[in-house]
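What follows is a single structure, written as structure tokens, with notes after it.
The values are calculated or read from the model by the stated rules, or taken from the named source; none is laboratory data. Bear in mind that the values here come from a model prediction, so they are computed numbers and not experimental data. Quick reminder, even Gly has a Cβ in these numbers, built from the backbone with ideal geometry, and neighbours come from all protein chains shown. With ligands, DNA and RNA removed, areas are computed over all heavy atoms of the protein, side chains included. Shrake-Rupley method; radii C 1.70, N 1.55, O 1.52, S 1.80 Å.
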Amino acid sequence: MNPGTSASLLHLLQLCSPSLPVGAYSYSQGLEAAMERGHVRDEASARAWIVDMLDEVVARFEAPVSWRLLQAFAAHDTDAVSHWTDLFIASRDSAEFRAETVQMGYSLGKLLPELVPQATAVLALLAAQPELPFPTALAAAAVALDVPADEALLGMLFSWAENQVLACVKSVPLGQVSGQRLLLSLRPQIERAADVARSLADDELCNWSPGLSLLSMQHEVQYSRLYRS
């Protein structure tokens, strides 16, 4: 492995690490509400939930938007960054989903100048956004750290899947072995989601998931909960 490849891999691992101080661990993205209602109750149902979310929501909207943001930051395309940033924020259809992405984006946006102060063009694009959702901040970080777009997209997808699995380990609950077995089994679905995200045309993007939206709204008033979404 050459030094440049090693550096980009290490940067990607840092961006996808659960220790990245953006608060991802405090959100379940509707999963806790699904557990409360019995939709997710064991390893099999947890895997079914994650795969459905990955195939029907993440691969068809969140990942394609992230892919476009990666391209936009690499090209220093101000209009494209603003367009996809605004679209992503507008797509958050519950108070919790919107608060989640804005809080995580804000946290990473505050961290980036400390990590890559030399990335002035990328930082200027970030500063121009009235609000900063997490996919925008993460795409900016990947470009600022010279992480190739294909690898960055896979890393984003893996990080999302890992957070879902960790929520299941803590709350279903699943054992650590079950959690790792589940995460390993998701590799084909993660790769497929990346392929879909890269292939969709702009007018094919879709985040239609009314059941998930309802679960998110119900979670806002759920009596007992560990997560913020």
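Nonpolar atom fraction for the chain, defined as the carbon and sulfur part of the 1.4 Å probe accessible area, stands at 57 percent. Gain on full extension, evaluated as 0.36 nm per residue between residue 9 and residue 176 minus their Cα-Cα distance, stands at 57.5 nm. Spin-label pair residue 184-residue 45: with each label point 7 Å from Cα along the Cα-Cβ axis, the two points sit 2.6 nm from one another.
At a probe radius of 1.4 angstrom, the accessible area of the range 84-150 per residue rounds to 41 square angstrom.
Remark: C-alpha extents of the range 1-124 on the principal axes read 49, 37, 24 Å, sorted largest to smallest. Placing a label point 7 Å from the Cα of residue 37 along the Cα-to-Cβ direction, the residues of the range 195-225 with a backbone N closer than 18 Å are 208-225.
Which whole-number value in Å² is the accessible area per residue of the range 36-78, probe 1.4 Å? If you can, show how the numbers build up before the last one.
On the way: 1880 Å² over 43 residues.
Here the per-residue accessible area is 44 Å².
The simple Förster model, with R0 at 30 Å and r as the Cβ-Cβ distance, assigns residue 220 and residue 127 a FRET efficiency of 0.45. The mean sequence separation of alpha-carbon pairs under 8 Å and at least six residues apart, normalised by the residue count of the range 36-178, gives a relative contact order of 31 percent.
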